[in-house]
1. Output the qualifying pairs, or none if there are none: Cβ atoms under 9 angstrom, residues six or more apart or on different chains, first residue in the stretch 212-228 and crowded, with 24+ Cβ neighbours inside 10 Å, second residue among the basic types (Lys, Arg) and not in a loop (DSSP other than H, G, I, E, B).
2. Just to be sure, is LEU154 within 16 Å of the ligand (Cβ to nearest atom) and modelled with pLDDT under 90?
3. Take the stretch 21-60 and flag every residue that is surrounded by fewer than 21 Cβ atoms within 10 Å (Cβ to Cβ), within 19 Å of the chain's Cα centre (by Cα) and not basic (Lys, Arg).
4. Considering only the stretch 67-85, how many residues are under 24 Å from ASP129 (Cα atoms) and crowded, with 22+ Cβ neighbours inside 10 Å?
5. Could you grab the pairs with beta carbons closer than 6 Å, sequence gap of 6+ or different chains, first residue in the stretch 245-265 and over 15 Å from ALA227 (Cα atoms), second one within 6 Å of the ligand (Cβ to nearest atom) and part of a helix (DSSP H, G or I)?
6. Do any strands (runs of 3 or more DSSP E) lying entirely in the stretch 238-337 carry at least 2 residues that are among the aliphatic types (A, V, I, L, M) and surrounded by fewer than 15 Cβ atoms within 10 Å (Cβ to Cβ), and which ones are they?
7. Given the structure, is VAL222 more than 17 Å from VAL322 (Cα to Cα) and either assigned to a strand (DSSP E or B) or touching an Asp or Glu at 6+ places or on another chain (Cβ under 9 Å) (or both)?
8. Anything in the stretch 183-211 that is surrounded by 14 or more Cβ atoms within 10 Å (Cβ to Cβ) and out of contact with any strand residue (DSSP E or B) (no Cβ under 7 Å at 6 or more places or on another chain)? List them, or say none.
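The values are calculated or read from the model by the stated rules, or taken from the named source; none is laboratory data. These numbers were taken from a predicted model, which means no experiment stands behind them. As a convention, Cβ positions derive from the backbone with ideal geometry for all residues, glycine included, and neighbour counts pool all protein chains shown.
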Amino acid sequence: MIDPSYTPAEAAGIWVFLEHDRGQLAAVSLEMLAKARELASQSGAPLAGLLIGHKVDAIAAEASQLDLDRLVVVSHALLDVFTAEAYAYAAREVVLGQHPDILLLGATPYGRDLAGRLGVTLRTGLTADCTDLSLDPANGLLLGEVSGFGGGVLATIACANHRPQMATVRPGVFARTETRRASPAPIEVIPIDIPASARPVIVVAHDRQEKADISKAGRLVVAGAGARGQLPLIEALAGALHAEIGATRVAVDEGWAERERQVGQTGVITRPKLAIVCGASGATQFTVGIDQADMVIALNSDPEAPIFEQADLCVVDDLTEVVRALVAEFEAHGEGV
Ligand SMILES: Cc1cc2nc3c(=O)[nH]c(=O)nc-3n(C[C@H](O)[C@H](O)[C@H](O)COP(=O)(O)OP(=O)(O)OC[C@H]3O[C@@H](n4cnc5c(N)ncnc54)[C@H](O)[C@@H]3O)c2cc1C
């Protein structure tokens, strides 16, 4: 049963769920904090970080240096590894006790799992995968911008009658904050009792495979369908430039590029200094993933390809010849050519 006093008028403060893994705060949490600080400055609301886990003192100490006004910590032995059930139980308890107005989470596998479960148990709305967040100047409501129908529609969603207003944002959408506090933010540890039934999952082992993370790449060489059969050449170019490899969905669906390398709406939002896009037509679902690159160089044999509208430098040619020539140049003279 939801506390009836948790009304829009009662709710206060902006909270960011601080995701962490192996003692490291997730980059997306720092990105969300930067945006949340912008919103908090506009509304005058306090900004809090929500840290959930077990034996998280070191992360809490690090998080308390971040640009937030207070840090709320929930620690319990049943929260030692992420399980959506136990984390949602803990988050629900603390949210109902503290009444944040807004709760933001990263649209990561953990964040998505937690946000959906929490939204349902709190009986509030969740705007998932926002591409931007703002406050309605008329009433201060959180506005989440999301694209729908394959990117053909941009919708702005608000949650007027239920609290907290919840939203998830994917990694890379916002720039992370480097702002640090002069002195640590107050840390508030909320005691919580979690029944064993709140964690029906028994974690017997944590087997993890390291996967590429192109969201942080400074340089990206992207393989589109036009690079089919030319992956070794794309790899050679990426190697010469110390760049990561990205791919369009066609390349991923065809199975010659890994899923975590997909750039775009249903892939990763990147913000490299340089993106060399080889043989991609430039569908909007793809280009949203490189919108924030400092420089885009596009190689495409079709002079009418939409990718050229996005590119800073356009090369109309067969990518095989161009990439081969580039690799030869870089190998002969280094990447400073
Ligand atoms: C809901 C939804 C979500 C989606 N999410 C994503 C997403 O996250 N990421 C994504 O990438 N796509 C996404 N898509 C798919 C997207 O709409 C496009 O279909 C896809 O991006 C096209 O990939 P492509 O540019 O590699 O292939 P194509 O559109 O087939 O383009 C290939 C290009 O290569 C050029 N070319 C061919 N041969 C050569 C050559 N030898 N030299 C130079 N150029 C050559 C061609 O001129 C052409 O322009 C999504 C679609 C939907 C509906």
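1. ILE214/ARG261; VAL222/ARG261; ALA223/ARG261
2. yes
3. Passing the criteria: ASP21, GLY23, GLN24, LEU25, ALA26, ALA27, ALA34, GLU38, LEU39.
4. The number of residues fulfilling the criteria is 1.
5. Taking only residues 6 or more apart or on different chains, the pairs are GLY264/GLN285; GLY264/PHE286; GLN265/GLN285.
6. Numbers: elements: 244-247, 274-278, 295-300, 313-316.
Correct list: 313-316.
7. Details: more than 17 Å from VAL322 (Cα to Cα): no; either assigned to a strand (DSSP E or B) or touching an Asp or Glu at 6+ places or on another chain (Cβ under 9 Å) (or both): yes.
No.
8. Those that are surrounded by 14 or more Cβ atoms within 10 Å (Cβ to Cβ) and out of contact with any strand residue (DSSP E or B) (no Cβ under 7 Å at 6 or more places or on another chain): PRO184, ILE194, ALA198, ARG199.
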